[in-house]
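Values quoted throughout were computed directly from the atomic coordinates according to the rules given, and no laboratory measurement underlies them. Remember, predicted model here, so these are calculated numbers, not experimental data. Reconstructed Cβ throughout: ideal geometry from the backbone, glycine too, with neighbour counts over all protein chains shown.
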Amino acid sequence: MGTDVTVELWHKSGKAACADIAAVMTEMRHIDATMSPYIPTSILSKMNRDAYKAPVVVGKEVYGVIADSLRVSRLTNGAFDVTYASAGRYYNFRKHIHPTSAVLAQAIKSINFRYLRLDPRNYSVRYLHKAVYVDLGGIAKGYAVDRGIAILKSRGIHRAIVSAGGDSRILGDRFGQPWVVGIRNPRNKNQEIAVLPLMNVAISTSGDYERYFIDKGVRYHHIIDPKTGDSARRVTSVTILGDSATRTDALSTSVFVMGVARGLALVNRLPGIDAIIVDDAGKLHVSNGLMHMTADHHTNGE
Ligand code: AMP
Ligand code: MG
């Protein structure tokens, strides 16, 4: 997944806890081997090679993640679109490479989630347009975190946190205390813009500082606006809170593309979802559900 995975949990026995953590890590490796676009033997790679020629049977798991991603695409009018990678594949953030405008103009013709045809009868996917390329990087980490929590629950764990990069899910509390998650200042990694006490919730942050380079004063980073194929630059950080990490992961990427006004309008009409956004001027914006919390916090704190 190109990211660090961490698991913390409470268990009476250290030995049993190690077995629980190992079970989560085995699942993480399985998901990486199945959904990575960089591993030629993954189901995702096979789909990207063959799905324009004929439907590719991807199995229930990959099918489910793609179906979830399409739901978020419809919800966000295409701000979230796993076919963004039809253009996104031409960036290399490690090597500081971005595509020319000519390459982009051609590549964005293949971005459209409606070019994916899913067949639930045999869990297959077909691409309806040439040069379509799918990357699940905006949703797979959240899915992996949800799977990690499901495995821990099935093993009788009641208090845990599982994280993969910017995506975390928290199970229970820490014996009467909440877990505490900090959100960093997008322009200063040593500073936090908020510290949240949390229980039984998923939290995802998307930032333009995770994978990026600067060329001629322009920041190129890994969150791509499907309309243009260029990096989204309306905001610098988006944190989403909700029940499912698959959802919060996809929504943090979506709201990053949508920006403050459209992003908050969407979040405010989704029950159980909240957002904390840092705009391009460094200003903080929060969804309606968090207004009371910040107001209370302020009055209690002063
Ligand atoms: P996150 O850090 O969760 O926001 O995910 C960023 C990752 O999502 C990128 O590294 C890409 O793999 C993927 N991605 C980038 N732009 C989009 C988009 N518009 N829709 C869906 N996935 C995207
Ligand atoms: Mg995300």
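What the table shows:
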{"quantity": "Relative contact order of the chain, defined on C-alpha pairs under 8 angstrom at six or more residues apart (%)", "calculated": "17 percent"}
{"quantity": "Given charges at beta-carbon only (K, R positive; D, E negative), |dipole| of region 1-99 in Debye", "calculated": "280 debye"}
{"quantity": "Extended-chain gain in nm, criterion 0.36 nm per residue less alpha-carbon gap, residue 57 and residue 8", "calculated": "14.1 nm"}
{"quantity": "Extreme residue, positive dipole direction of region 75-173, given options 115, 101, 171 (C-beta unit charges)", "calculated": "115"}
{"quantity": "Cβ-derived FRET efficiency at R0 35 Å, residue 191 paired with residue 291, nearest 0.05", "calculated": "0.90"}
{"quantity": "Table column - 3J(HN,Hα) (Hz), region 113-125, Karplus curve with 6.51, -1.76, 1.60, x for Gly and Pro", "calculated": "4, 6, 7, 9, 10, 9, 10, x, 5, 10, 6, 10, 10"}
{"quantity": "Long-range amide H partners of residue 211 with built H, under 5 Å", "calculated": "222"}
{"quantity": "Selection from 203, 290, 125 lying farthest towards where the dipole of the chain points positive, charges on Cβ", "calculated": "125"}
{"quantity": "Charge tally in the Cβ shell below 12 Å around residue 30, where Lys, Arg are +1 and Asp, Glu are -1, residue 30 excluded", "calculated": "-1"}
{"quantity": "For region 87-124 and region 167-191, distance of Cα centres in Å", "calculated": "33 Å"}
{"quantity": "Under DSSP loop assignment and at most 15 Cβ neighbours within 10 Å, longest chymotrypsin sites (Phe, Trp or Tyr not before Pro)-free interval of the chain", "calculated": "210-302"}
{"quantity": "Distance in nm between pseudo-label sites at residue 94 and residue 211 (7 Å out along the Cβ direction from Cα)", "calculated": "1.0 nm"}
{"quantity": "Integer Hz, Karplus 6.51/-1.76/1.60 couplings in order for region 102-112, x for Gly and Pro", "calculated": "5, 4, 4, 4, 6, 5, 5, 5, 9, 8, 4"}
{"quantity": "Stretchable slack from residue 67 to residue 228, in nm (0.36 nm times residue separation minus alpha-carbon distance)", "calculated": "55.6 nm"}
{"quantity": "Pairwise label distance in nanometres, residue 50 with residue 29, each label 7 Å out on the Cα-Cβ vector", "calculated": "2.6 nm"}
{"quantity": "Separation of the residue 175 and residue 118 label points, Cα + 7 Å toward Cβ, nm", "calculated": "4.3 nm"}
{"quantity": "Low-density loop positions, trypsin sites (Lys or Arg not before Pro), region 52-110 - DSSP coil, at most 15 other Cβ in 10 Å", "calculated": "53, 94, 95"}
